[in-house]
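Bear in mind that the values in this text are calculations on the coordinates, not laboratory data. This structure is a prediction, so every number in the text was calculated from the model and none was measured. A quick note on method: Cβ atoms are made from the backbone with ideal geometry, for glycine too, and the neighbour counts reach across all protein chains shown.
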Amino acid sequence: MILLAVSVFAGAGTIHYQTPMLGAFAVEFNADAAAAGWVATLTFGGFLTGTIFLVPLGDRFDKRRLILAELAVLIVALLAMAAAPSLAALALAGLVVGITAGFAQLIIPLTAELAPPETRGRVMGALLACLFLGILFGRVAGGLIAHFLGWRWTYVAAAAMLLALAPALVLWLPSMPSKTQLGYGRLMRSLGEFLRDNATLRRASAIQFLLGISYGGFWATVAPMMLALHGFGPAQTGLLAIPGAAGILVSQPAGRWTDRRGAFPIVTAGVCLVLAAYVAFTFAPLAVGAVIAGAVLLDCGLRSALVANQTLITSVAPEARSRFNTVFGAHIWGGNAVGAFLASTALAHYGWLAVCAIAVSASCVALLVQWRWRPPSP
């Protein structure tokens, strides 16, 4: 379990190193912000592609082989980013990084298979805490290494960390027999069938999609908002990633509570915390402290709901955990993308309060979805 936790930590950061370095890309390659943004777009788009089209193979083949294969390609792609001679080459390598960084999404169902049912929530909470910590590490380390050594060394360091991890995975990563013999086309069609036929998966995925709108919207607009309202530059805004990672602290407790009380109260509390976050964000024009408090509440709420829903969907169909995780993960990332688009457009045309209105609306719908399928009273 320690090896799996370290692996998701190392893998999660690979698509987030770029976040504080987009300006450096633009300067080095003499490009504007929109062109540099294609690196982020293709990297995150690649991650969504890998989640949808590769993670389902975890039910068809041994997860060990898939994880090791993706890890090998990921290391090469990170080195290609470090050596990229042009912005186009950097973006193309970023696409490959995004696709293969999904090996962490294969580790999640693998962990669910290894964990005893009575402690699955606690184990998943610990694993996801490491994943969230990896995201924070990627955002912070990417900026620091780029500042002191140059952005190319960030990707060299990332490749070196994964290369050091590889021998341990080769030696100790357990094999898991395939769960199905379906062909690839039938495997992919089953994703839609699971979403159609399984109410638990539909509810959990819908809620995380809606919360993703709130989460993605904040992080896509916080930098221009803080610059416009408080004159914060990239370094100061980047420090918001620290209070904005408070969910790391609640992930394991959320898993323990899920084991004891079930997913419903934990998810409900998580959605309410996201709503509370945006109440705080409405005061952002008045005080920076409101943004810090909101970032803490937002991350705690999102992560609590995510841990509980992730534990729930990995318990529903043991023979299809990779495919369930694919559907669930695609909704999370789809919500982040939609939220980023809606919030950026709203901020440009109507201001910060419009961003808050969109997020509050999405979170209220999430609460309605949650209560629509609440368990019957004993």
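So what is the calculated 222 nm ellipticity per residue for the chain, using -39500 (n - 2.57) for each DSSP H run with n of 4 or more, over all residues, to the nearest 500 deg cm²/dmol?
The helix contribution divided over the chain gives -27500 deg cm²/dmol.
What distance in nm separates the simple spin-label points at THR119 and THR180, each placed 7 Å from Cα in the Cβ direction?
Each label point lies 7 Å from its Cα, and together they span 3.1 nm.
In square nanometres, what is one fourth of the surface area of the convex hull spanned by the alpha carbons of the chain?
Seen from a random direction, the Cα hull of the chain projects 17.8 nm² on average.
Taking the Cα atoms of region 23-114 alone, what are Rg (to one decimal) and Dmax (as a whole number) in Å?
14.9, 49
Can you figure out the FRET efficiency of LEU227 with TRP371, using R₀ = 35 Å and their beta-carbon distance, to the nearest 0.05?
0.35
Fewest Cβ neighbours within 10 Å first, please rank LYS179, LYS63 accordingly.
Ordered by Cβ neighbours within 10 Å, fewest first: LYS179, LYS63.
So what is the relative contact order for region 48-158, in percent, with contacts set as C-alpha pairs under 8 Å and at least six apart?
31 percent
With label points built 7 Å along Cα→Cβ from the Cα atoms of PHE53 and LEU68, find their separation and express it in nm.
According to this spin-label approximation, the distance is 2.5 nm.
Quick one: which of 258-264, 311-317 comes out on top by average Cβ neighbours within 10 Å, and what's the full order, highest first?
311-317, 258-264
Sorted from fewest to most neighbouring beta carbons within 10 Å, what does the list ARG321, ARG202, ARG196 look like?
ARG196, ARG202, ARG321
For region 292-378, which chymotrypsin sites (Phe, Trp or Tyr not before Pro) pass both filters: DSSP loop (anything but H, G, I, E, B) and at most 16 other C-beta atoms within 10 Å?
Loop-located and lightly packed - TRP373.
What list of ³J(HN,Hα) couplings, whole Hz, do you get for region 12-17 from phi and the Karplus terms 6.51, -1.76, 1.60, once you set θ to phi - 60° and write x for glycine and proline?
5, x, 4, 9, 10, 4
Separation of region 85-100 and region 301-378 by C-alpha centroid, Å?
Centre-to-centre distance over Cα atoms comes out at 28 Å.
Can you bin every Cα-Cα distance in region 82-209 into 10 Å intervals starting at zero and give me the percent of pairs per bin, rounded to whole numbers?
Computed distribution, short to long bins: 9, 27, 34, 23, 7, 0.
Any number yet on Rg/Rh for region 1-178, C-alpha, Kirkwood?
That ratio is 0.99, to two decimals.
Using +1 at the C-beta of Lys and Arg and -1 at the C-beta of Asp and Glu, which of PRO20, LEU48, ALA84 has the Cα lying farthest in the positive direction of the dipole of region 9-85?
LEU48
Looking only at Cα atoms, what is the convex hull volume of region 183-378 per residue, in Å³?
126 Å³
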